Amino acid sequence: MHLDPFELHRPTTVEEVVALARAHAGRFDYLAGGTDLLPNYKMHLNLKPHLVALEDVRELSGHSVERLGAMSRLADLERDPELARAWPAVADAVGEVATPLVRASGTVGGNLLVETRCFFFNQSYFWRASLGFCLKADGDRCHVVPQKETCYATFSGDLAPALLASDAEVELAGPDGRRTIPLGGLYDLTGDGIRRLTLRQGELLVAVHLPARARGRRGRYLKLRVRPAYDFPELGVAVAGRWATDGTVDELRVAVGGAEPHPRRFDDLSARLDGARLNDARRRELAEEIAKRVRPVHNTFLLPDYRKRMVAVYVRRALEAAESRVAA
Ligand SMILES: Cc1cc2nc3c(=O)[nH]c(=O)nc-3n(C[C@H](O)[C@H](O)[C@H](O)COP(=O)(O)OP(=O)(O)OC[C@H]3O[C@@H](n4cnc5c(N)ncnc54)[C@H](O)[C@@H]3O)c2cc1C
Ligand code: SF4
């Protein structure tokens with residue numbers, strides 16, 4: 001496997017990035033740490049002739065408990081005890097991404113926008129050619145659900161569920177200006193594994209904002225994967241909430257990733273427990289209702305029935321673990 005030639009651009013300001021995005025519309029990708037994009041390029045997956053590197057754009061770097069620059073390296077977040085106190089589920093998730101080497105280069109923005117995955121997609125060109133390719137790259141059919149013209153590739157980023165449970169917002173910049181939206185609005189729940197984001201043409205992620213009102217909630221992120229030292233999530237569950245001294249919970253959030261083409265929250269279900277004391281029966285009921293809604297398909301290593309059953313188990317465990325976590 002090799003990298004085909006591309007033209008590399010190295011802007012230093014968001015305005016320069018946006019000008020390049022306009023000039024090369026539809027013919028470029030943003031390059032952050034490259035830990036997802038470049039392996040995909042080596043497999044000849046949806047190559048573009050231009051790469052716009054974000055590394056030298058100062059506005060995108062650095063982090064605090066209120067703001068994570070899009071180019072913040074995961075390893076830097078991992079070393080920050082203040083962040084872990086303020087956002088425990090986020091700290092759990094950061095430590096679960098890949099390996100220390102990948103976290104040294106991998107960034108917050110790249111993690112939230114990581115390409116969706118499928119074992120018919122993350123393969124070499126020759127492997128994919130032998131099957132006639134698929135909808136997501138170079139082909140016209142899906143090997144997972146052949147009767148549909150929809151892609152079911154899985155969103156496999158660890159940070160998104162934890163940041164969703166933390167009510168995070170994302171700041172975006174593009175040819176039409178800047179806007180800030182709830183993180184959940186970044187993922188197109190009406191789309192599929194190909195049309196999976198709501199980003200407008202050329203928009204880049206500038207930063208993640210963590211709202212003060214959600215700081216200090218107890219939280220937990222739990223991840224199911226095959227090889228604990230290395231693998232992408234087969235399922236990721238984040239829980240956050242505020243537990244009072246009498247044991248009642250408020251602002252309960254549950255988010256699931258690693259199981260469908262987008263990560264998502266289940267507010268209509270979790271809000272029913274606001275003001276309640278969680279016991280086994282309540283945790284189990286919520287967990288099973290969420291599991292009913294999550295629909296994994298057979299495009300990762302573990303079987304979909306198993307992953308679906310594990311949604312209920314992981315939601316229940318994450319609720320217990322968040323509640324028993326010592327308050328910050
Ligand atoms: C061996 C291995 C194991 C891995 N395991 C995991 C895992 O367990 N969990 C996990 O979550 N990930 C995993 N990854 C994927 C990846 O390493 C991480 O998700 C990482 O955080 C991606 O960040 P990056 O900066 O390298 O992104 P890049 O590869 O640079 O970019 C990823 C995508 O995001 C886009 N992008 C990046 N930044 C921006 C921005 N600011 N604005 C707009 N678009 C942007 C890029 O164009 C690209 O499409 C793994 C990767 C490898 C190689
Ligand atoms: S789900 Fe189907 S279309 Fe999508 S990557 Fe897999 S095989 Fe391709």
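The values are calculated or read from the model by the stated rules, or taken from the named source; none is laboratory data. Owing to the predicted nature of the structure, the values given are computational and were not obtained by experimental measurement. Using ideal geometry, Cβ is built from the backbone for each residue, glycine included, and neighbour counts are taken over all protein chains shown. SASA here: full protein model, heavy atoms, side chains in, ligands and nucleic acids out. Shrake-Rupley method; radii C 1.70, N 1.55, O 1.52, S 1.80 Å.
Listing for the model above:
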quantity	calculated
Long-range neighbours under 6 Å by Cβ, at least six apart or interchain, first residue outside any helix (DSSP H, G or I) within the stretch 29-41, second more than 6 Å from ligand 1 (Cβ to nearest atom)	D29/K48; D29/L51; Y30/V52; L31/L51; L31/A53
Criterion: buried (at least 23 other Cβ atoms within 10 Å of the Cβ), within 15 Å of the chain's Cα centre (by Cα), more than 16 Å from ligand 2 (Cβ to nearest atom) and of a type outside the set (V, I, T) - qualifying residue of A255, A240	A255
Condition met for R85 (basic (K, R) and open to solvent by 20 Å² or more (accessible area, probe 1.4 Å))	yes
Residue check, K42 within 24 Å of T99 (Cβ to Cβ) and either open to solvent by 50 Å² or more (accessible area, probe 1.4 Å) or away from ligand 1 (no atom under 12 Å from the Cβ) (or both)	yes
Contacts under 7 angstrom Cβ, first residue in the stretch 256-281 being touching a residue at least 24 places away in the same chain (Cβ under 8 Å), partner assigned to a loop (DSSP other than H, G, I, E, B) and aliphatic (A, V, I, L, M), 6 or more apart	V256/V294; A259/V294; E260/V294; P261/A153; H262/L189; R264/L189
In the stretch 172-191, the residues that are of a type outside the set (F, W, Y) and buried (at least 18 other Cβ atoms within 10 Å of the Cβ)	L172, A173, G174, L183, G184, L186
Qualifying positions in the stretch 299-312 - touching a residue at least 12 places away in the same chain (Cβ under 8 Å), more than 16 Å from ligand 1 (Cβ to nearest atom) and surrounded by fewer than 16 Cβ atoms within 10 Å (Cβ to Cβ)	R309
Matching entry among S64, S130, S124 (being more than 14 Å from ligand 1 (Cβ to nearest atom), small (G, A, S), at negative phi and open to solvent by 60 Å² or more (accessible area, probe 1.4 Å))	S130
Residue selected from the stretch 70-101 under the condition more than 9 Å from ligand 1 (Cβ to nearest atom) and part of a loop (DSSP other than H, G, I, E, B), by the criterion farthest from D167 (Cα to Cα)	R79
